[in-house]
Amino acid sequence: MSAGQPAFGLSFDPRALTDLLQAPSDIRDLAFVYLQDVVNAELFGIKLTGDLEGYRKLFVDRRKEWRVVYGVRPAPEGFAYRREIHVVAVRPRAGNDVYDTVGARLGLARRPLSARTHAARSRSPQLTTPGPVPRTLPLPSAMPDLPRRANGPAHHSLR
């Protein structure tokens, strides 16, 4: 795209706009700069996975403590652009606050899980046994009525 020509429209979940207005001023300023680059198709956030697949995140500050989570969706009828960037949340990452908030705003019934978290919590199919566990027999030395091999180096032959 040419400089200054937006490729997308921009919309905010009203709560995301509140997030942005309540953020520290340096975070707010950086978020606007990054969102301008996204709207101009000069920057694309990192794709989210798992329950939040289809959304993207931007790291707002150098320490990567703040995130902007957005999605690309069709713009409303009569809008100047065919697609728009829809900001869902602008929040700190600490304690997964941003992802929990996005999940709640999107109406997810449970906490959103990334693919990595889902994999870590799931049980490997190699660890599951399809049927009953075979019963192991005790060692012959533990059974009192069985004949035992003679101890020691001498073997006596019986005739």
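None of the figures in this text is laboratory data; all of them are computed from the coordinates on show. These numbers come from a predicted model, not from an experiment. Backbone-built Cβ (ideal geometry, glycine too); neighbour counts: all protein chains shown.
General observations
- Placing unit charges on each Cβ (+1 for Lys and Arg, -1 for Asp and Glu) gives region 1-113 a dipole about its Cα centre, and among Ala23, Tyr81, Ala104 the Cα reaching farthest toward its positive end belongs to Ala104.
- Under a model in which nothing but the beta-carbon of Lys, Arg (+1) and Asp, Glu (-1) is charged, region 57-103 shows a dipole of about 240 debye around its Cα centre.
- The alpha-carbon atoms of region 52-110 define a convex hull whose volume equals 88 cubic angstrom per residue.
- The Glu65 and Glu42 beta-carbon pair, evaluated with R₀ = 22 Å, returns a calculated FRET efficiency of approximately 0.40.
- Considering all C-alpha pairs of region 32-82, those separated by over 15 Å amount to 54%.
- Counting Cα-Cα pairs of region 1-88 in 5 Å increments starting at 0 gives whole-percent bin shares of 3, 14, 24, 26, 20, 10, 3, 0.
- Label-point separation in nm, Arg73 to Thr18, each point 7 Å along Cα→Cβ: 1.8 nm
- Stokes-Einstein D (µm²/s) once Rh is taken as the Kirkwood radius of region 1-45 over alpha-carbon pairs, at 25 °C in 0.890 mPa s: 217 µm²/s
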